[in-house]
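Values quoted throughout were computed directly from the atomic coordinates according to the rules given, and no laboratory measurement underlies them. Since the model is a prediction, treat every value here as computed from it, not as a measurement. We place every Cβ from the backbone using ideal geometry, glycine too, and count neighbours over all the protein chains shown.
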Amino acid sequence: MREKHKILIIDDEHSFRNAMRRLLEKTYIVHEAENGTMGLKLAREEEPDLVLLDIGLPDMSGLDVISSIKEMRPSPTVVMITAYEHVKDVVTAIKRGAFDYLVKPVDLEEFELTVQSALDHAGLKNEVDRLRQEVQRLHSVNRLIGRNARFLDAQVLAIKSAQSPDAGVLIQGESGVGKELFARLIHARSPRTAYPFVALNCAAFSAEIIESELFGYERGAFTGARSEGKEGLLQVADGGTLFLDEVVDLHPEIQAKLLRVLEEREFFPVGGTRKRRVDIRILSACNQDLWQASEQGQFRKDLFFRLATIRIDLPPLRERSEDILSLAHFFMEEFNDKYGKRFRGISREAEQLLSSHDWPGNVRELRNTLERVVLLENDETILGQHLHFLRPASAVPSAEVSDALRFELPPGGISLDEAEKAIILKAYDLCGGNKARTARYLRVPRHILLYRLKKYGLPS
């Protein structure tokens with residue numbers, strides 16, 4: 001049997017609430033509140049599907065109430081009600097997330113249609129949210145965004161490697177480039193997708209903890225062990241995929257045990273005498289060249305070859321500058337949904353700041369930057385001033401910079417294009433012909449620099 005929708009009426013007119021309750025309670029579960037404070041309390045406790053909200057309340061404005069309601073998770077659909085059609089308040093309410101509005105005295109036919117439409121919208125929104133969460137839970141590859149050639153090649157290689165249920169894949173790249181997302185992509189496209197994906201950061205724990213986490217332990221294996229023992233991640237991932245992040249940090253003794261797992265498909269738990277068999281695929285990641293670490297004796301070569309049947313190298317964000325703005329817009333929408341905000345675009349100044357930043361923390365740093373802006377600001381456009389923390393110290397004018405830019409202008413005048421061409425050529429030479437470095441030096445997006453180089457007949 002389908003569960004009834006919940007409707008919350010927040011209105012200070014007792015007679016209006018009574019009339020609406022009598023009309024709705026045959027079909028829906030109805031709750032009432034006579035002021036904003038009580039309404040917010042009921043909204044948190046009851047999690048209604050729909051809120052009918054009066055703009056004029058005795059203790060606070062309905063516009064403030066809707067702002068608080070839209071921050072709740074799950075966020076109900078809101079229909080505003082007002083005793084007179086006040087365009088400014090209605091527009092503000094719609095901007096803050098109201099689905100629709102009604103004007104008192106309410107026409108019953110219009111009221112019923114509006115309530116039904118609002119509940120249909122709420123149901124659709126909830127279903128979209130549920131499906132989105134399910135897709136993210138199963139695949140977690142929704143952030144593989146980009147058109148950079150190296151990045152696309154890496155995705156193609158990941159999808160091809162997924163066709164094998166057993167081949168080891170080593171994903172290399174700087175911290176924050178998305179190595180785990182690629183591992184999840186491989187798992188999601190593999191024959192093992194119906195089984196668990198389990199991740200372990202090998203750099204986050206001591207060798208003893210890593211060993212017990214991976215292999216598990218028997219009852220009484222060591223001081224402080226659980227009385228019932230513990231199942232290791234190898235067993236948890238049985239049938240599926242085990243992802244070892246920063247695998248270079250594994251202790252040599254654990255490397256040897258892991259090699260045996262790969263070769264024999266079996267292992268002993270810590271303190272155990274009975275072998276456990278597992279059928280898993282191991283994906284690994286490293287923020288440095290693992291082969292070089294093997295050459296230097298920091299990692300077993302025989303284990304390297306088992307883990308790195310296929311190698312995928314992910315470029316840092318600074319080398320895929322054409323993807324920065326696409327990612328920024330994606331994260332803006334993600335955090336709009338998360339925090340109930342309404343950012344719709346990014347200003348040109350903000351785009352230049354995003355495009356010219358080096359992003360040493362890669363995609364993770366970009367995501368954190370967009371989360372900070374969307375969480376703290378309340379505009380509809382991300383502005384340059386919102387990204388003030390990205391401005392380099394050298395961006396502040398100084399006497400030294402001013403002196404460096406001084407040059408003599410010819411009495412007969414000069415073409416602005418020729419002056420720009422000379423500056424670009426000088427910067428290009430100063431940066432050793434590296435286009436990405438030149439774009440950062442001139443603080444312009446890379447595609448703008450490439451356009452200027454082509455325009456002036458410079459090497460592009």
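Odds and ends about this structure:
- Shape analysis of region 414-460 places it in the prolate category; the axes a ≥ b ≥ c from the Cα gyration tensor give an a/c of at least 1.5, with a/b above b/c.
- Sequence-ordered 3J(HN,Hα) estimates for region 157-162 from the Karplus curve with 6.51, -1.76 and 1.60 and θ = phi - 60° stand at 5, 5, 5, 5, 5, 5 Hz, glycine and proline given as x.
- Cross-link partners of LYS179 among aspartates and glutamates (Cα-Cα below 18 Å; sequence separation of 8 or more within a chain): ASP153, ASP245, GLU246, ASP249, ASP289, ASP313, GLU319, ASP323, GLU365
- When both bridge partners sit in the chain, DSSP labels roughly 10% of those beta bridges antiparallel.
- Prolate/oblate/rounded label for region 321-391 (Cα gyration tensor, a/c 1.5): prolate
- Set of lysines with alpha-carbon distance to LYS26 below 16 Å, sequence-local pairs under 8 removed: LYS4, LYS6
- Within-14-Å neighbourhood charge of PHE389 [Cβ basis; K, R +1; D, E -1]: -2
- Mean projected area (nm²) of the alpha-carbon convex hull when region 6-137 is viewed from all directions: 7.8 nm²
- With an a/c value of 1.5 or above and a/b not larger than b/c for the gyration tensor axes a ≥ b ≥ c computed over the alpha-carbon atoms, the chain is described as oblate.
- Working note: Karplus 6.51/-1.76/1.60 with θ = phi - 60° gives region 23-37 the couplings 6, 9, 5, 5, 10, 10, 8, 10, 10, 10, 9, 8, 8, x, 4 Hz, where Gly and Pro are set to x.
- Sequence-distant residues sharing a close amide H with ASP313 (under 5 Å, placed H): GLN172
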